[in-house]
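The values are calculated or read from the model by the stated rules, or taken from the named source; none is laboratory data. As the structure is a prediction and not an experimental result, all values here were calculated from the model. Glycine also receives a Cβ, built like all others from the backbone with ideal geometry; neighbour counts cover every protein chain displayed. Just the protein is used for accessible areas: all its heavy atoms, side chains included, with ligands, DNA and RNA removed. Shrake-Rupley method; radii C 1.70, N 1.55, O 1.52, S 1.80 Å.
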Amino acid sequence: NVKKDSPQSTLNVDDSCFTKALIKPLIAPLNPHQFNYKSYLEKQHIYHQVFISSSQSLMLDTTRNTIYGYADKLRKKINTKLKLYGFKKDELAIINALLLGQRQDISKDIYNSYTQAGAIHILAVSGLHVGIILMILNFILKPLGFIKNGILYKTILILILLWLYAILAGLSASVVRAVAMFSVVAIGMHWKRPTNIYNTLAISMFVLLLFKPTFLFDVGFQLSYIAVFSIVLYQPMLYNLIKTKWKIIDFFWNILTVTLAAQIGIIPISLYYFHQFPSLFWVSNLVIVPVLGIILSLGIIVIVFALIDILPSFIAKSFGFVIEQLNNFVGWISNQEMFLFKDIPFTISNVIVSYLLIVTVTLWVKKKNYKHLIYIFCSVIILQGISLYKKQQHASNEFIIFHKNRYTVIGEKQNKTLKLFSNLENKDEKLITNYIVGESINETYNDSLKNLYIFDSKKLLVIDSLSIYNFKTVEPDYILLHNSPKINLERVIDSVQPKLIISDGSNYKSYQERWSETCKKRKIPFHQTSKKGAFIYKY
């Protein structure tokens with residue numbers, strides 16, 4: 001992590017630098033139901049981190065070059081050329097995401113719009129993009145089929161171009177699995193041998209997991225393969241429900257059935273990871289999928305022509321206009337908030353039973369008999385049983401002091417009701433939302449901070465910057481220090497004699513270190529939320 005304190009602080013792929021800094025362990029989640037970034041990085045084989053400023057690093061003159069570095073230089077050259085044609089910042093960001101596999105320049109507003117519209121999948125180069133590119137390459141290279149051994153040359157060339165594109169897109173997990181999947185498809189397609197699509201998918205999965213087993217825990221890997229399996233299984237069933245002679249209706253019906261088929265498979269796992277359901281996903285995909293084909297086709301032309309400086313301005317403007325209208329449409333869909341269902345509690349047990357229900361319903365649709373109907377009823381009963389168990393599990397009381405830098409956030413949960421005491425400016429903080437979803441909270445109340453809390457016959461005294469603690473009528477079990485009070489902690493311990501002292505994220509680091517030493521000396525437990533995480537008392 002390099003602080004952006006200098007124009008020269010940006011590091012490029014293949015750069016080497018010398019620095020003297022502490023190697024720190026990754027930080028585990030400090031609040032309940034928080035995204036485990038430590039676990040996520042460990043799956044990428046990253047176990048430690050370094051924080052420096054640009055003045056603490058010395059760039060080394062190195063001749064080390066990798067395939068990643070060459071791809072990065074080519075992407076930068078493409079961006080430099082495209083900027084000459086007046087593309088706007090958001091348009092360039094979408095071009096980088098859709099064609100070059102780089103999403104880091106997408107603004108937060110644009111990213112949120114695509115998420116809420118149920119179209120975030122198009123911003124990561126995946127099977128949809130590579131499938132369209134395969135069709136484009138197949139069309140362009142069609143004349144090779146008329147020469148001797150042309151089919152073989154065509155297949156080899158397609159495979160080379162697909163993997164060159166994967167390198168250009170940074171060889172990200174989504175790109176690699178998509179290109180691997182469609183490489184197998186391309187080989188089977190051009191050999192004109194009867195292939196089983198399930199075998200094709202299984203082979204590509206096996207090869208990817210052979211080289212990188214941790215892909216199995218990658219959310220994108222799970223979503224993409226489940227979506228493809230679901231499309232293969234359910235799309236023909238849905239498509240055959242309606243037959244039409246009108247080609248335009250058939251075209252959009254085909255897109256709609258593909259979208260619905262994919263959703264059947266990914267709804268449970270999407271709810272588990274993202275806790276939201278964009279019900280207008282089918283509307284956005286009806287427009288976005290055809291437009292994506294235009295953008296990818298036109299985008300390849302734009303990039304090639306821009307690199308050799310022969311791009312006509314009207315093509316550049318047309319391309320920019322298409323992307324701008326796509327962003328506007330996605331923005332309009334995302335603004336229909338009544339169709340976006342957010343903060344849906346969904347656990348791994350819900351996921352397993354949901355897939356059990358989907359499988360049993362599928363068996364019954366394929367072959368309607370009494371046995372399959374019994375399977376469905378059993379799945380429904382299990383689902384209801386899990387819901388009742390979760391309801392009973394969450395019917396408990398909890399007092400919690402969250403960790404939040406520069407702020408104090410205290411929660412008191414009684415069954416499915418949460419009362420929050422905080423000095424937060426934004427009451428919709430992610431740490432609170434995570435807790436509400438994770439604990440299936442139905443009602444939330446906000447209040448200002450108090451000096452004394454009583455829960456389960458325990459008393460918590462809050463000592464703030466006013467440093468008032470000498471209440472003769474109060475004999476607290478716990479003390480919470482917040483807003484860096486200037487106190488003599490030894491005197492406080494002698495006066496109040498607490499069983500535990502808690503320090504939250506609103507205190508200065510130097511103060512907390514001094515308090516920790518005092519507590520160690522006096523043999524009193526010290527709970528520092530920045531190190532031990534949120535303080536939780538269940539009763």
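In region 7-42, the residue that is most open to solvent (accessible area, probe 1.4 Å) out of those that are among the β-branched types (V, I, T) and either touching a helix residue (DSSP H, G or I) at 6+ places or on another chain (Cβ under 7 Å) or more than 28 Å from L60 (Cα to Cα) (or both) is I27. State the number of residues belonging to region 21-61 that are assigned to a loop (DSSP other than H, G, I, E, B) and closer than 23 Å to K4 by Cβ. Total meeting the criteria: 11. Quick check on this structure: which one of K247, K212 is out of contact with any strand residue (DSSP E or B) (no Cβ under 7 Å at 6 or more places or on another chain), modelled with pLDDT of 85 or more and of a type in the set (D, E, K, R)? Only one candidate qualifies: K247. Residue pairs whose Cβ atoms lie under 7 Å apart, sitting 6 or more positions apart in sequence or on different chains, and linking a residue in region 219-237 that is crowded, with 20+ Cβ neighbours inside 10 Å to a partner that is among the hydroxyl-bearing types (S, T, Y) and outside any helix (DSSP H, G or I), are S224/S126. Selection of region 440-470 for residues being part of a loop (DSSP other than H, G, I, E, B), out of contact with any Pro (no Cβ under 7 Å at 6 or more places or on another chain) and in contact (Cβ under 8 Å) with a residue 12 or more places away in the chain yields I441, N442, S448, L449, K450, N451, D456, L466, I468, Y469, N470. Can you spot a residue in region 301-321 that is under 25 Å from the mean Cα position of the chain (by Cα) and either of a type in the set (A, V, I, L, M) or part of a helix (DSSP H, G or I) (or both)? No, region 301-321 contains no residue that is under 25 Å from the mean Cα position of the chain (by Cα) and either of a type in the set (A, V, I, L, M) or part of a helix (DSSP H, G or I) (or both).
S396 meets each of the listed conditions (1) surrounded by fewer than 16 Cβ atoms within 10 Å (Cβ to Cβ); (2) at pLDDT 90 or above; (3) of a type in the set (G, A, S) apart from (2).
In region 411-437, the residues that are under 21 Å from P29 (Cβ atoms) and open to solvent by less than 80 Å² (accessible area, probe 1.4 Å) form Cβ pairs under 6 Å with partners that are assigned to a loop (DSSP other than H, G, I, E, B) and among the hydroxyl-bearing types (S, T, Y), at six or more places apart or across chains, as follows: L424/Y407.
Being in contact with a Lys or Arg (Cβ under 6 Å, 6 or more places away or on another chain), touching a residue at least 40 places away in the same chain (Cβ under 8 Å), crowded, with 20+ Cβ neighbours inside 10 Å and not polar (S, T, N, Q) holds for only one residue in L100, L82, and it is L100.
D72 fulfils the conditions (1) open to solvent by less than 100 Å² (accessible area, probe 1.4 Å); (2) within 24 Å of the chain's Cα centre (by Cα); (3) closer than 30 Å to T529 by Cβ except for a single criterion, (3).
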